1. Could you tell me which numbered condition Met114 fails, if it satisfies all but one of (1) free of Cβ contacts under 8 Å to residues at least 60 places away in the same chain; (2) within 14 Å of Arg64 (Cα to Cα); (3) surrounded by 15 or more Cβ atoms within 10 Å (Cβ to Cβ)?
2. Just name the residue that is surrounded by the fewest Cβ atoms within 10 Å (Cβ to Cβ) out of those in region 28-74 that are touching a residue at least 60 places away in the same chain (Cβ under 8 Å) and polar (S, T, N, Q).
3. Filter region 139-191 down to the residues that are over 23 Å from the mean Cα position of the chain (by Cα), hydrophobic (A, V, I, L, M, F, W, C) and part of a loop (DSSP other than H, G, I, E, B) and list them by number.
4. Restricted to region 218-261, and to residues that are of a type in the set (Ser, Thr, Tyr) and not in a strand (DSSP E or B), which residue is nearest to Glu296 (Cα to Cα)?
5. Do any residues in region 233-244 that are assigned by TED's automatic domain parsing to the domain that holds Leu218 and crowded, with 17+ Cβ neighbours inside 10 Å have Cβ atoms under 8 Å from those of residues that are assigned to a helix (DSSP H, G or I) and aliphatic (A, V, I, L, M), where the two are at least six apart or on different chains, and which pairs are they?
6. Out of region 162-183, which residues are of a type in the set (D, E, K, R), under 20 Å from Leu317 (Cβ atoms) and touching a residue at least 12 places away in the same chain (Cβ under 8 Å)?
7. Could you say whether any residue in region 263-282 is in a helix (DSSP H, G or I), within 17 Å of Ile309 (Cβ to Cβ) and not polar (S, T, N, Q)?
8. Given the conditions (1) in contact with a strand residue (DSSP E or B) (Cβ under 7 Å, 6 or more places away or on another chain); (2) within 19 Å of Val145 (Cβ to Cβ); (3) buried (at least 19 other Cβ atoms within 10 Å of the Cβ), and given that Ser87 satisfies all but one, which numbered condition is not satisfied?
Amino acid sequence: MNLFIVTSPFQYICANEARHAFKATNNILLYITGSTKKEKKQVYQLISETDDWQLIIETSRKNRTKNISKAIKEIKKKEPIETIYYSEYSKLIQQLIKKNIPAERHVYFDDGTMTLFDWEDFIEPKKTISRRKKLSDLVLKMNGVRPVGNIPFFENTILFSIFDIETPKKNEHQIVKNNLLELKNIYSSKKEQDVIVFIGQGNIDEKNRLDGDSYIKLIKDCTQKSDEEVIYIPHRTESAQLTKRIKDETNVSYAEFSMPIEVELLRRGKKPARIIGLCSTALFTLKMLFPETKIELIKAGNSEKEERIYKLLLEQLK
């Protein structure tokens, strides 16, 4: 059997792409639920529209040690596992599963722009993951699970990514392009209408990020001269106060989407003539789905992390 680990709607989209690209059969889906009801609803909807899983295991990040230990024991009943498909390379849950579930092959798929970090920081240099915490490790052992300790890079690892990953060590890494073919096949509409899309940014008003006033001004400046409908796609963490300001103070069509932006635009027949965003993964996925679209990448803040994301995405969008 094969094991797919997902924690978000976008990860599920990539996992489903991998399932078809690698022609995987007899598949287990491990869904580690997110923190918001909206996120869970989107994943449940995606599962219902693409369902062909032999087993679905749902668990939570809450009471992590207990819940993940239980999930690992359930998965082990289905051994042997041929391939583990996962994202979030260095996260504890994924490392625990890799430590305790032997597999012939690992396939890493995207978790948004974090893929670019994971590639540079862990995968390309084939870095060993180390994690030791006495109390947590003791609890894991009491639950019959091996702690992470040291996990060397797994040589039979394939990177399955929407991004154009380049490396001078081509003989040392297996890289397969994710062209989002299943997404197009399932949701594409024959009817198309040109629109402008503004992708909302999270964490507005936080340290080293845009403040609310500057964000509202940015939306106005980027959209006020447009002849086409401007659809504003809110970030899932957007505050109610900021939502009210955008609706009251700008002329954008505020989208009340129930599914990821890629799915919604495809099935509604909305063809972006221009996409504006602040370091969002959706800039890249939408560029793949709509190749003729003009992309405008805006820097979201001045922190070291934001600067790095901006440069990495700018390079990918060339």
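The values are calculated or read from the model by the stated rules, or taken from the named source; none is laboratory data. This one's a predicted model, so the numbers in the text were calculated from it and none came from an experiment. We place every Cβ from the backbone using ideal geometry, glycine too, and count neighbours over all the protein chains shown.
1. Going through the list (1) free of Cβ contacts under 8 Å to residues at least 60 places away in the same chain; (2) within 14 Å of Arg64 (Cα to Cα); (3) surrounded by 15 or more Cβ atoms within 10 Å (Cβ to Cβ), Met114 breaks only (2).
2. Ranking the qualifying residues of region 28-74, first place goes to Thr36.
3. First, the residues of region 139-191 that are over 23 Å from the mean Cα position of the chain (by Cα): 139-152, 155, 168-172, 189-191.
Remaining after also requiring hydrophobic (A, V, I, L, M, F, W, C): 139-140, 142, 145, 148, 151.
Correct list: Val145, Val148.
4. Thr223
5. Ile233/Ile261; Ile233/Ala282; Pro234/Ile246
6. Here is the first cut: in region 162-183, the ones of a type in the set (D, E, K, R) are 164, 166, 169-170, 172, 177, 182.
Cutting the leftovers down to under 20 Å from Leu317 (Cβ atoms) gives us 164, 166, 177.
Selection gives Asp164, Lys177.
7. Looking only at region 263-282, we keep the residues that are in a helix (DSSP H, G or I), and these are 263-268, 281-282.
Checking the rest, the ones that are also within 17 Å of Ile309 (Cβ to Cβ) come to 281-282.
Applying the additional criterion that residues be not polar (S, T, N, Q) yields 282.
Yes, there is a match, as at least one residue in region 263-282 is in a helix (DSSP H, G or I), within 17 Å of Ile309 (Cβ to Cβ) and not polar (S, T, N, Q).
8. Tallying (1) in contact with a strand residue (DSSP E or B) (Cβ under 7 Å, 6 or more places away or on another chain); (2) within 19 Å of Val145 (Cβ to Cβ); (3) buried (at least 19 other Cβ atoms within 10 Å of the Cβ), Ser87 fails exactly one: (2).
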